[in-house]
Amino acid sequence: MDDIVGLVSVRNFNYGSILQAFAFQSVLFRKGINNEIILYKKRNGVKQLLRVFNMPLLKAKINTLKRSIYAKLDKDVNSVMRARHSSFSEFVKKKLVFSEEYDGRKSLIEGTKKYRAFILGSDQVWNPMNLGSDFYTLLFCPKNKLKVTYASSFGVSQIPNYQIRRTKNYLKAIDQISVREDSGAQIVKRLIGKDVPVVVDPTLLLDAEDWNSLIIDHRECEDKYIFAYFVGASPGHRDAVKRLSKNTGLKVIGIPFVDELAKSDYFMVDKEYLKVGPSEFVNLIRHAEFICTDSFHATVFSIQYQKLFFVFDRYKVDDKASMNSRLFSILRKLGLESRLVSQRGDILNWYEEDIDFAPVLNKLKNLRIDSEVYLDKVCNMLKEPNHINAAGED
C-alpha cells in the first residue's frame, strides 16, 4: 500500500470547483498529507439510465445539451467555450495532482485499494443530482479504510424524499463528517442524528496573501471596471449591472455563458474576456472596482480582496432545488447580509456604501481557526499508520 491519500473532488470545468480543489490540495500538501485527486470515468450504463428519472438532473442534462448544440451553431459562443476550456485545461495540468484514470467502477475499486485513506473534498459533492455513480458517497472505498470529509456540500436545503434512505446509508459509513453550510449540518443531524462541524470552503482556508503567492498577480484590464459574473440567466440582474455602469461611468467586464446561455450577456458587457481560466478569474476580481454576482466563489474572492460587491439571488428563495443556502450561510456568518440585493433593493441607492472589512476579516479569521482545528484533527487521523474505519465495521 502506498503512503498516499485518495482525494475525491469535483472535476467540473467551472471556476469554483477547480479553485476549491486547488486550494484544498495545496493545504493538504502544506500539512504533510501526500495526496492525489482520483480520476474516475463512469461506465455503468444501467445506473446512468436510471438517472434519467431524476427530474432535476434531467433538466440540467437537457440544458447542457441545448448549450452544447447552441455553442456549435453559434460561432461567437463556440469561440468563448473553446477558449475557456483551453484555459481550464492549462490551469489543471499545471496546478493539480491527479491519479491515473480509473475507467469504470471495477477499475476504480481495484485501483484505489492502494490508498491508505480517503478524503472527500468540498463543493456540491452530495447534491442529489450527483449521486448516480456512488462516487461522491465513498461507497466504492474499502470498508476498512478511513473515510473523512471536508466542507462537503449538499448544495440544496432539502433532500428529495426518494433519496433520503440512500443518503442516510452513505453518511453512516463515513468516519468524520464536516459540511460547508448550516443547512448541510441540519440535514446530517436530521438524517443520522449526528452533530457535525460547519467549516469554511477550502478557498477560505487561504487568505489573500496566500492566494497572491499561488496565483501570479496580473491586471487583465488597465481601465477601472465593474466585474459581472452570473451563473443564472436573470435578465434583471444584467439590467442592474448596466444601470450601475451608466451611473458610475465604469466599463463592464464579464464572463459570458457561464452555466446558461443568457442572450442578455451580449448586451451587459463592454468587454468580453474569452480565455478566462481560474487564474484570470481571481485576477479580474482582485482588480475590480465593483463585483456583481450570484456566485458563491465570486463572493468569496470579493471578500478576500475586500471589494465592494453585490450579491444577487440565483434562485427563488422558496425553490427546493435552490443553491442559495451556501451564499446566505457565509454572508450571515460574516455579517454581510446587507450585500444581498434582494434585501436592499435598487443598488443605485446604496452602491457607494463602504464595507467595514475589519470586523469581517476578524470573523473570517476565527472561522478559519475553527476549521483548521477540525482539519488538523483529520490530518492526524490520516497520518496514523493503522487506522481502521470504525464506521465500516458496524
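Here, each number is a calculation from the coordinates, and none is a lab measurement. Bear in mind that the values here come from a model prediction, so they are computed numbers and not experimental data.
Things to note:
- Couplings for region 81-98, taken from phi via the Karplus curve 6.51 cos²θ - 1.76 cosθ + 1.60 with θ = phi - 60°, read 5, 5, 5, 5, 4, 4, 5, 5, 4, 5, 5, 4, 5, 7, 9, 10, 10, 10 Hz in order; Gly and Pro are left as x.
- Summarising the amide proton neighbourhood of A117: residues at separation of 5 or more, or on other chains, whose placed amide H is nearer than 5 Å comprise G6.
- When each of K168/K383; K113/K194; K143/K168; K307/K363 is checked by Cα-Cα distance, pairs over 25 Å: K168/K383; K113/K194
- Residue-span extension gain [E100 to K189] - 0.36 nm each, minus C-alpha spacing: 28.4 nm
- Counting only Cα atoms, region 102-261 measures 61, 38, 33 Å along its principal axes, largest extent leading.
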